[in-house]
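The structure appears right after this line, and notes come after that.
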Amino acid sequence: AQRVTQPEKLLSVFKGAPVELKCNYSYSGSPELFWYVQYSRQRLQLLLRHISRESIKGFTADLNKGETSFHLKKPFAQEEDSAMYYCALLRGSTLGRLYFGRGTQLTVWP
Amino acid sequence: GAGVSQSPSNKVTEKGKDVELRCDPISGHTALYWYRQSLGQGLEFLIYFQGNSAPDKSGLPSDRFSAERTGGSVSTLTIQRTQQEDSAVYLCASSLFSHNYEQYFGPGTRLTVT
């Protein structure tokens, strides 16, 4: 069963436009959610996690338990934001193991 | 400091052959993970080691896949009798501890089974 859903495989926006990458999860317990990013020819790396409630590179993500969502947002996209973004879920019952979505390839046009 | 390293970076093998993929985690990290990244499938969990505890092997797709971690450090993922569907990028990650600690990923090994 797909526990993390990223409905958009590809997303394109112009520089300066707002961007939202969607993520929905399936888990009845208390989830811990993450966004990982993979820039071209680089390693997968953590972008942000919901418990930190921080903004990284202008990105924020709010956990909405009612809608079981953890969408990633940035008000003004930059060209350097172009990358593959993965939403990931950590379930309390399976310590350490991350459940990843299938990823969204974001392209920011100049 | 050095990050997670993996070797080889690329491996081409013939169907039916065995392959071994190696992962060197960040020194001091107690948790080590293997994932598989296939086109269109995203990242699929394979196996996870935490300290001296029994590994979580629940993600291994078949009994042709096995992994070990020696001395709490280096890990080897072995695929026996490779099949074409095993072609993927195999990623290793490590974290200081398991729960809720950032996982640091290696560059991956691209496996192609011909």
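Assorted remarks:
- Computed magnitude of the charge dipole of the protein assembly as shown (debye, nearest 20; Cβ of K, R +1, Cβ of D, E -1): 120 debye
- Set of lysines near A:LYS15 by C-alpha distance (under 26 Å), chain-local residues within fewer than 8 positions excluded: A:LYS57, A:LYS73, A:LYS74
- In the frame of its principal axes, the range A:14-110 has Cα extents of 43, 29, 21 Å, reported largest first.
- Percent RCO, i.e. relative contact order, over chain B, from Cα pairs under 8 Å lying at least 6 residues apart: 38 percent
- Förster radius 22 Å - calculated FRET efficiency between B:SER58 and A:GLU67, Cβ distance, rounded to 0.05: 0.15
- Taking only the alpha carbons of the range B:3-114, we obtain Rg and Dmax values of 13.1, 39 Å in that order.
- Across the options B:GLN37, A:SER52, B:THR78, the greatest Cα extent toward the positive end of the charge dipole of the protein assembly as shown (unit charges at beta carbon of Lys, Arg, Asp, Glu) belongs to B:GLN37.
- Net charge dipole size for chain B [Lys, Arg +1 and Asp, Glu -1 on Cβ; Debye, nearest 20]: 180 debye
- Take the Cα radius of gyration of the protein assembly as shown and divide it by 2.2 N^0.38 Å, N being the number of residues; the result is 1.02.
- Relative to one another, the C-alpha centroids of the range B:79-108 and the range B:1-76 are positioned 5 Å apart.
- Among the residues of A:99-109, the average count of other protein chain beta-carbon atoms within 10 Å of the residue beta-carbon is 2.
- Neighbourhood net charge (14 Å Cβ-Cβ; Lys/Arg +1, Asp/Glu -1) for B:PHE45: +4
- The range B:19-66: proportion of alpha-carbon pairs further apart than 13 angstrom, %: 64 percent
- Fewest-first ranking of B:LYS17, A:LYS22, using other Cβ atoms within 10 Å as the exposure measure: B:LYS17, A:LYS22
Taken together, the values in this text are just the output of simple stated rules run on the coordinates, not laboratory data. Since the model is a prediction, treat every value here as computed from it, not as a measurement. Cβ coordinates were reconstructed from backbone atoms using ideal geometry, including for glycine residues, and neighbour counts include every protein chain displayed.
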